[in-house]
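What follows is a short report on a single structure.
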Amino acid sequence: MKKICIYIIVAIAVLSMQSCLHDNNDNFDLSAAERIDALVNESYEVLESAENGWVLHYYTGIDYAYGGLNFTVKFKDGRVSICQQGATDNNDEYITSTSTYRINRDRSAVLAFDTYNDFLHIWAEPDASKNNAPTDVDGWQADYEFVIFNISEDKNTILLKGKKWGNYMIMERLQKTPAEYLDDAAAIANKMSEGIGLMKYDDGEFTAKFLYSDGQYIITYTDADGNKQTLNVPFTYTDDGVIFCEPIELNGNVISGVVYAEDSETFSLKDTKGMTISISYDPVDVFQSGNWYLYMENLGEVAAAGLQSFIDTDKEVEGEDLDFAYIGTSKDGDYGFCFRSGGRYSGCTLFDVETEGADVITFSYAGDDGNGEWYRENDNLGDATDPFFNTFKLTTDDVYNPTYFILTDVNNENNVIKLVQEKTESIDEN
């Protein structure tokens with residue numbers, strides 16, 4: 001999928017959600033060393049001036065690959081107190097980890113958390129056994145030293161860049177206590193992750209779909225040349241919505257997040273043109289926003305035969321049982337036929353999707369991920385996926401709260417597939 005484009009110059013402008021970023025022209029009369037010294041001194045003053053501290057929208061992985069989370073950080077007399085979203089004690093009080101910090105002079109001012117902090121540094125541990133990291137050498141590819149890229153004129157927003165891994169991160173002055181902010185952000189996360197699977201922007205000339213998937217939006221649209229484009233956009237929750245890891249550009253407009261509105265199906269975008277986005281209840285959109293499971297008893301003769309071929313060959317060749325299979329989004333953000341075999345091997349056959357109106361959808365083959373390729377070449381995965389490469393009419397029990405979808409092949413009445421929301425322990429169960 002297409003990576004997010006970097007609009008760093010525009011990003012600085014967009015960070016003026018509360019103000020414009022600071023640009024002191026007088027500094028250009030100073031030498032480089034004097035400018036850095038001035039920024040170091042200003043940074044100490046600004047960091048420690050926040051009565052409630054700051055929220056740091058923190059990201060891990062090269063190009064934000066492993067997503068984001070929130071820390072609250074409060075600086076005082078060379079020490080820093082950090083809370084992490086979700087990290088509470090038995091009384092539901094946020095745990096605080098305290099360490100030291102300093103601002104180093106390098107080619108710019110560098111905010112360094114220079115003694116070990118249980119919340120921050122654990123993400124950078126190279127030993128995966130300590131932090132369940134996805135890599136054995138680089139851990140979560142996470143930073144604890146940050147170049148201070150810029151400070152807003154009103155001193156309420158600081159743009160940082162990870163010194164080692166290069167992700168841009170935003171730090172915002174808290175207008176409430178750390179606990180209040182983290183609680184409010186958690187409440188927004190519950191509402192937006194569980195109740196809003198897909199949103200759509202449509203101005204009559206340009207349409208973009210925002211599909212929520214495990215801490216990121218998968219944004220799809222058709223560009224001016226008629227080509228389908230996809231952006232993977234990691235984000236963190238805020239106390240009023242979400243903020244993207246970096247601003248994106250859609251149809252000439254720069255967007256940095258979404259503002260949640262209680263009891264509404266329409267939300268504002270954090271952008272430069274006052275755009276809004278709405279929850280979509282079109283069956284094709286609702287279907288794509290969830291994961292829908294396959295069970296043998298729910299499949300017509302075409303799909304049932306194909307899935308049985310995959311199950312039997314997987315057992316014969318690999319000695320594995322197929323744990324489950326669904327149409328939806330994989331853990332890597334790929335959309336298609338996803339499965340797990342033998343209790344540990346996950347794979348996905350990628351789908352290209354075309355829609356027509358509110359309830360007609362067409363799937364076509366778009367390749368396989370690594371494990372998917374193996375199972376296609378060795379275990380008849382193609383027999384299970386081929387029945388989906390057709391055009392289907394979608395029906396459901398309740399488009400606002402569906403428990404199943406029925407896919408009826410418009411060209412083959414024997415190819416009827418019922419997919420259900422509930423995941424059970426065996427693919428042979430209904």
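Descriptive notes on the structure:
- Of the residues contained in the stretch 42-60, one or more are found to be at pLDDT 95 or above and at positive phi.
- Residue check, Thr362 modelled with pLDDT of 95 or more and assigned to a strand (DSSP E or B): yes
- Taken over the stretch 369-388, the residue count meeting the criterion of being open to solvent by 50 Å² or more (accessible area, probe 1.4 Å) and touching a strand residue (DSSP E or B) at 6+ places or on another chain (Cβ under 7 Å) is 2.
- Unmet requirement for Ala384, which otherwise passes all of (1) of a type in the set (A, V, I, L, M); (2) in a strand (DSSP E or B); (3) at pLDDT 95 or above: (2)
- Residue satisfying condition, being charged (D, E, K, R), under 15 Å from Tyr66 (Cα atoms) and without any contact (Cβ under 8 Å) to a residue 12 or more places away in the chain, within set Asp183, Asp136, Asp225: Asp136
- Top-ranked residue in the stretch 71-96 [being of a type in the set (S, T, N, Q) and open to solvent by less than 80 Å² (accessible area, probe 1.4 Å); ranked as farthest from Asn52 (Cα to Cα)]: Thr88
- Of everything in the stretch 329-348 that is small (Gly, Ala, Ser), part of a strand (DSSP E or B) and on the phi < 0 side of the Ramachandran plot, the residue that is surrounded by the fewest Cβ atoms within 10 Å (Cβ to Cβ) is Ser346.
- Odd one out for Asp263, checked against (1) in contact (Cβ under 8 Å) with a residue 12 or more places away in the chain; (2) open to solvent by 20 Å² or more (accessible area, probe 1.4 Å); (3) out of contact with any strand residue (DSSP E or B) (no Cβ under 7 Å at 6 or more places or on another chain): (1)
- Verdict on Tyr144 being hydroxyl-bearing (Ser, Thr, Tyr), modelled with pLDDT of 95 or more and under 15 Å from Tyr58 (Cβ atoms): yes
- Residues in the stretch 99-123 that are small (Gly, Ala, Ser) and either surrounded by 20 or more Cβ atoms within 10 Å (Cβ to Cβ) or out of contact with any helix residue (DSSP H, G or I) (no Cβ under 9 Å at 6 or more places or on another chain) (or both): Ala109, Ala112.
- The set of residues from the stretch 35-59 being hydroxyl-bearing (Ser, Thr, Tyr) and either more than 11 Å from Lys155 (Cβ to Cβ) or part of a strand (DSSP E or B) (or both) comprises Tyr44, Tyr58, Tyr59.
- The requirement of being open to solvent by 10 Å² or more (accessible area, probe 1.4 Å) and out of contact with any helix residue (DSSP H, G or I) (no Cβ under 9 Å at 6 or more places or on another chain) is satisfied by Gln229.
- On the stretch given as the stretch 124-143, residues that are surrounded by fewer than 21 Cβ atoms within 10 Å (Cβ to Cβ) and part of a loop (DSSP other than H, G, I, E, B) total 9.
The values are calculated or read from the model by the stated rules, or taken from the named source; none is laboratory data. Quick caveat: nothing in here was measured; it's all calculated off a predicted structure. Backbone-built Cβ (ideal geometry, glycine too); neighbour counts: all protein chains shown. To get the accessible areas, we keep the full protein, side chains included, count just its heavy atoms, and leave off ligands, DNA and RNA. Shrake-Rupley method; radii C 1.70, N 1.55, O 1.52, S 1.80 Å.
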